[in-house]
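Just so it is clear, none of the values below were taken in a lab; they were calculated from the coordinates. What you are looking at is a predicted structure, and each value in this text was computed from that prediction instead of being measured. Using ideal geometry, Cβ is built from the backbone for each residue, glycine included, and neighbour counts are taken over all protein chains shown.
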Amino acid sequence: MHTQTLIIQEAGQHLANRNFREALSLSRAFKSIGHSSVVWGRGYDGPPIDQIGFDQLILLEQYNFDWLPDLSRIKCPKYMWSVDAHCNLQKHNDIIRRHGIDHVLSSTAAYLNSFDVPATWFPNCYDDTLINRPMIPIKRHDVGFCGNVCNRGPWLQNIHQHIGIKLNIMTIGRLMVEAIQSYRIHFNRNISEDINYRTYETLGCGTMLLTNHTDRLEDLFTVGTHLVTYEDREDCIEKIRYYLDNPTERADIAYAGHMHALQNHTYVNRAKYLIDSVFT
């Protein structure tokens, strides 16, 4: 049966990052598998929500909810993809109650029992139409970090003191992709129990990922084959030194991680799962 999905999220406020918004990536993935979708939200041109025909909706907004119309009056299955519950759990539950969300797609497995409605583990992913591995990788920096500092400041300082690190703080869009592609090793540390977007984006770029262990990581990747984990600051430095001194092993992990992510963790994979297992 052919259906149409309404995807709700505010348009990106930064031109460099606008095409990387989750709603647009998911809509492109739906289109690639022959499923109709409409992206709607503040910042997009389009008719009022009650003039759009759809069979189910996915709320993808994570922070700015003040502009939302009353979704509780809409009579169709309503899903919320909760990406950042580790930052905003109480607010997400407030929105779920206020707007009559029926089911949560939780990117963090640890929060499956934290919502007021049934929840399904729905991990993050990456957009392989925007993020890719260069045909001939050019690595200019031994170790890099691309993202927000948040809880990572002491870890980044430790790497800087012992080895050196290229920092691309608040780098977004295509410049983010190029930055990650330029690292031999990309350092990551998840904020909480989440397996963050940086995990998937790094593998999509074909760069070796060094990250902390997070619950259920082994359900998605084979540690030591697709990526490398560290336990503490000393172990982190030792792992960086080891893989800088063993470029063939490092390249093998980067390539295996990239191929695994390309086959299993793109928006197309997630869109197929929604069609085959959720919208039924």
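Whole-percent P(r), region 141-264, all Cα pairs, 5 Å bins from 0: 2, 12, 24, 26, 22, 12, 1, 0.
Ignoring lysines fewer than eight residues from Lys166 along the same chain, the ones with Cα atoms less than 23 angstrom from its Cα are Lys139, Lys239. Per-residue ellipticity at 222 nm from helix content only, as computed over the chain with -39500 (n - 2.57) for each DSSP H run of at least four residues, stands at -10000 deg cm²/dmol.
The protection proxy used here, the mean number of other Cβ atoms lying within 10 Å of each residue, ranks peptides 104-113, 220-229, 202-211 as follows, highest first: 202-211, 104-113, 220-229. The phi torsions of region 238-251, fed into the Karplus equation with coefficients 6.51, -1.76 and 1.60 and a -60° offset, translate into couplings of 4, 5, 4, 4, 4, 6, 6, 7, 10, x, 5, 5, 4, 5 Hz, rounded to whole numbers, with Gly and Pro shown as x. Residues Trp67, Trp121, arranged from fewest to most other Cβ atoms within 10 angstrom of their Cβ, appear as Trp67, Trp121. A dipole drawn for the chain from +1 and -1 charges on Cβ atoms has a positive end, and of Ile52, His99, Asn212 the residue lying farthest that way is Ile52.
Starting from the Cα gyration tensor of region 216-257, multiply each eigenvalue by 5, take the square root, and state the resulting semi-axes largest first in whole Å.
So the equivalent ellipsoid measures 18, 16, 4 Å along its semi-axes.
Distance from the Cα centroid of region 82-136 to that of region 1-79 is 15 Å (rounded to whole angstrom). For the residues Pro69, Pro47, Pro77, a GNM of the chain with alpha-carbon springs under 10 Å puts the largest fluctuation on Pro47. Other residues whose C-beta falls under 9 angstrom from the C-beta of Gly12 contribute a net charge of +1, scoring Lys and Arg +1 and Asp and Glu -1. Highest GNM mean-square fluctuation among Val149, Val83, Val177, for the chain modelled with Cα contacts below 10 Å: Val149. Computed from phi, the 3J(HN,Hα) profile of region 218-227 under the Karplus parametrisation 6.51, -1.76, 1.60 (θ = phi - 60°) reads 5, 6, 10, 9, 9, 5, x, 10, 9, 6 Hz, with x in place of Gly and Pro.
Using every Cα-Cα pair within the chain, state what percent have a distance larger than 26 Å. Beyond 26 Å sits 44 percent of the P(r) for the chain. The Cβ shell under 13 Å around Arg133 holds other residues with a net charge of -2, Lys and Arg each +1, Asp and Glu each -1. Among Tyr197, Tyr126, Tyr183, the largest mean-square fluctuation in a Gaussian network model of the chain, built with springs joining Cα atoms closer than 10 Å, belongs to Tyr197. Here the 3J(HN,Hα) profile of region 47-53, calculated from phi with Karplus coefficients 6.51, -1.76 and 1.60 at θ = phi - 60°, is x, x, 4, 6, 9, 10, x Hz, Gly and Pro shown as x.
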